[in-house]
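Trainee: Below: one structure in structure tokens.
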Amino acid sequence: MAKKSFLERISDITKIHQRANFSKVDKHISNLNFETHFEDLAAARYTCRSYTGRPVQLAKVNKILDVARLAPTAANKQPVHVWALTSHEALGRIHQVHDAFGAPVVFLVGARPEEAWVRSSDGKNAADCDAAIVATHLMLVAFDMGLGGAWIASFDPAKISELFPETAGYEICFLLAIGHPADDAEPTARHYQRKSLEEFSTVL
């Protein structure tokens, strides 16, 4: 039996919660021993800007979506919707906005602000934060499957709304290009420019 990926095991935890009503979750989590795997995954992930022409199997697209569906959202409002663009026609439409580096799959991640949790103290709407959490899950599970990904925020949302009437009522927050990395795909020098732990964080 093939070893399950880290994020597939996260999916298993959710099913454990549902079946056992949280009564035995700690024991199952301790037996999974995936801490090192996730650290390696986070360190190895990079923005892939070069893809082969090889398509991504629909089963993998659906698995990515299913795991991303488990992403936390504020107050569990789940105001996020994801459109998976895989057809030649749909990709042709998105290429009018961004070339997506020629990836065979592009996820549109949108959120409906009126469905999102709002912080009472200052009116902060969590829709964009929720969308970012979902997009992060999409990106990490794809990388865990051996696929490359590129998070895209540089686009004209009005143009996307025009080209994709299916997204009416949603604010398109991010695009995520996904595919099999080409042989020449590698992180840019900027990828390795990280703040030190001391500069990045403060422990109080």
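Read-outs throughout are calculated quantities, based only on the coordinates presented, and are distinct from any laboratory measurement. All values derive from a computational prediction rather than experimental measurement. So basically every Cβ, Gly included, is an ideal-geometry build from the backbone, and we count neighbours across all protein chains shown.
Trainee: Looking at region 153-204, what % of the alpha carbon pairs are farther apart than 15 Å? Spell out each step's value before the answer.
Mentor: Values: 932 of 1326 pairs.
Of all Cα-Cα distances in region 153-204, 70 percent exceed 15 Å.
Trainee: Another question, if that's okay. Work the Kirkwood hydrodynamic radius out for region 70-121: mean of 1/r over every pair of different alpha-carbon atoms, inverted, in Å.
Mentor: This gives a value of 13.0 Å.
Trainee: Same structure, new question: Could you work out Rg/(2.2 N^0.38 Å) for region 112-204, with Rg from alpha carbons only? Don't skip to the answer; put the middle values down first.
Mentor: Details: Rg = 17.2 Å, N = 93, 2.2 N^0.38 = 12.3 Å.
Compared with the compact-globule rule of thumb, region 112-204 sits at 1.39.
Trainee: Here is a follow-up. Just to verify a number: FRET efficiency for SER201 and GLU114, C-beta to C-beta distance, R0 = 45 Å, to 0.05?
Mentor: On the way: r = 35 Å, r/R0 = 0.77.
The pair SER201/GLU114 has a calculated efficiency of 0.85.
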